[in-house]
Amino acid sequence: MALVLTHGHEDHIGAVPYLWSKLRCPIYATPFTAELVKGKLAEAGILDEVTLHVVPVGGSLDAGCFRVTYVPLAHSIPEGHGLKIETPHGVVFHTGDWKLDDEPQIGVPSSPAELDKLGDEGVLAMIGDSTNVFNSRRSGSEESVKQALLDLVGTLEGRVVITTFASNAARLKTVAEVANRHGRKIVLAGRSMHRIVDAARKTGYLPDWPQTVSEEEAKHLPRNKVLLLCTGGQGEPRAALARIAAGDHRHLSLASGDTVIFSSKIIPGNERVLGRLMNKLALLDVDIITERDADIHVSGHPGRPELKRMYEWIKPQIAIPVHGEARHLKRHAAFAASLGVKQTLAPKNGDIIRLAPGPVEIVDQAPSGRLILDGKLVVPVACESMQARRRLMENGFLAVVLMVDEDGAPLGDAEIIAQGIPGMEGDSTLEEDLHLEIDKNMSRLSRNDKMDEKRLSETIRIAVRRMIRTQTGKNPQVDVRVVQFEDELV
């Protein structure tokens, strides 16, 4: 078994220590990605335990009965690759994340002739990126972003902030050129920015990177001489831009006349948190420019014209769409079929697919789902402990302690302990009503039912929860404990 990495997105690399702890297998990565992996493994304290193989761009490796060759493709990060996987039953081509870019700022992707040759040699199946399958146009070139930023920043006064995905080293290279052209000093803010720049310089992708100034030094420069390159373009609450907008950053601030450029696309699901960030910037009287206002971002994923070209080159017998939600995969499968691909399958997470021999088919299901770091443990998002905490957060908690004698008769009032339930603060009538409801329900029970601890606690639990729901609209978690005393102890 081997863990073969196609590219170095930071969110993907962050999962490598956990994956390795489960698989305990060698890791293969190209130079830039390997630099990022080393950093994550070192942070986790396991770098010395891991066998990490650095594969040259376009290189190959053997993994059991498979021969794997890295196929350079353009993407929004250095060293984007597809994988040509030679198997006993035919070649499988996994595109990874990719796009077509006639003028990439970093790296040299495979030529159309090279991809066409790969297809002519015979490809059993292509496993392909579906992220932009609904886009009817090509994704565009990084060169166009460079020209747009050069023109835009030249018109701006005051301090300029550009926020983008840290792993997009080509965009960082562009920002450096923009700063140099307009006589501004670059300030890096955010650990991810420093990490990506260091890795890109070590591997030769930013040979002309300018001398940056520190966050503290930036305070003493004229505002029109600063270009701040920072993390936080998706509204992450602890990223550099969010702290600056909230006035919580130690050294950096923004004021009227400054401009923040979001050179990135809003990831679906981040709209609300990003809206809050932009509102904070607006209250500072800061100008905000997004991809809707200027051509300052292009995607790293293929639109339908690019997908069509790839299918024409690779000519697979089978198409397996990946990298997208269900609607993306279904649309991609239909698109591949319209291009003449004989077999298509839109998988779900966890599907185990047989490509050959015989027709393509789902043959089994592997455990799948999102995992989160909960304290020091990695657990499924849907585990009972997480669900319980979400219920507690939304509806609160109430405990009832009943003290009864050996015949089940109550010994005084029940003790009620409430957390997070409206109407239970101070001298509340709700608590008085709960005592009355408990007494009423206990009086209705027979002696045998009162002596049945499980029946007694469940009767009170249902009654208490029903009353709270009726009076507050909340459905708290209710725990009833029955404490029985024998006669000689009473």
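The values are calculated or read from the model by the stated rules, or taken from the named source; none is laboratory data. None of these values were measured; they are calculated from a predicted model. We place every Cβ from the backbone using ideal geometry, glycine too, and count neighbours over all the protein chains shown. Please note that ligands, DNA and RNA were not included when accessible areas were found on the heavy atoms of the full protein model with its side chains. Shrake-Rupley method; radii C 1.70, N 1.55, O 1.52, S 1.80 Å.
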When restricted to GLU486, GLU425, GLU437, the only residue open to solvent by less than 100 Å² (accessible area, probe 1.4 Å), among the acidic types (Asp, Glu) and modelled with pLDDT under 90 is GLU486
Please indicate, with yes or no, whether at least one residue in the stretch 387-398 is touching a residue at least 60 places away in the same chain (Cβ under 8 Å), open to solvent by less than 70 Å² (accessible area, probe 1.4 Å) and among the polar types (S, T, N, Q).
yes
Candidates SER141, SER167, SER110, filtered to the one that is closer than 29 Å to VAL71 by Cα, of a type in the set (Ser, Thr, Tyr) and touching a strand residue (DSSP E or B) at 6+ places or on another chain (Cβ under 7 Å):
SER110
Where the second residue is crowded, with 18+ Cβ neighbours inside 10 Å and assigned to a helix (DSSP H, G or I) and the first is assigned by the TED database to the domain that holds PHE93 and lies in the stretch 305-334, which pairs have Cβ atoms under 6 Å and are six or more apart or on separate chains?
TRP313/LEU115; TRP313/GLY119; ILE314/GLY119; LYS315/GLY119; ALA319/ALA336; PRO321/LEU329; PRO321/HIS332; PRO321/ALA333
Answer yes or no as to whether LYS376 is under 20 Å from GLU325 (Cβ atoms) and open to solvent by 80 Å² or more (accessible area, probe 1.4 Å).
no
Can you tell which of VAL360, VAL401 is outside the structural domain of ASP433 (by the TED database), over 29 Å from the mean Cα position of the chain (by Cα) and open to solvent by less than 50 Å² (accessible area, probe 1.4 Å)?
VAL360
Does the stretch 404-414 contain at least one residue that is among the aliphatic types (A, V, I, L, M) and in a helix (DSSP H, G or I)?
no
Per the filter on the stretch 1-31, residues of a type in the set (S, T, N, Q) and either open to solvent by 20 Å² or more (accessible area, probe 1.4 Å) or within 21 Å of the chain's Cα centre (by Cα) (or both) are THR6, SER21
Quick check on the stretch 222-230. Is at least one of its residues in contact (Cβ under 8 Å) with a residue 24 or more places away in the chain and in contact with a Cys (Cβ under 6 Å, 6 or more places away or on another chain)?
no
Could you check the stretch 415-445 and list, in sequence order, the residues that are within 15 Å of THR470 (Cα to Cα) and outside any helix (DSSP H, G or I)?
ILE421, PRO422, GLY423, MET424
Okay, helices (runs of 4 or more DSSP H) sitting entirely in the stretch 210-328 with 3 or more residues that are open to solvent by 20 Å² or more (accessible area, probe 1.4 Å) and closer than 25 Å to LEU150 by Cα, I get none
What pairs come up if the first residue lies in the stretch 1-27 and is part of a loop (DSSP other than H, G, I, E, B), the second is among the acidic types (Asp, Glu), and their beta carbons are under 7 Å apart, counting only those six or more places apart or on different chains?
HIS7/GLU79; HIS7/ASP97; GLY8/GLU79
Please go through the stretch 1-34 and give me each residue that is under 11 Å from HIS53 (Cα atoms) and touching a Cys at 6+ places or on another chain (Cβ under 8 Å), ordered by number.
ALA2, LEU3
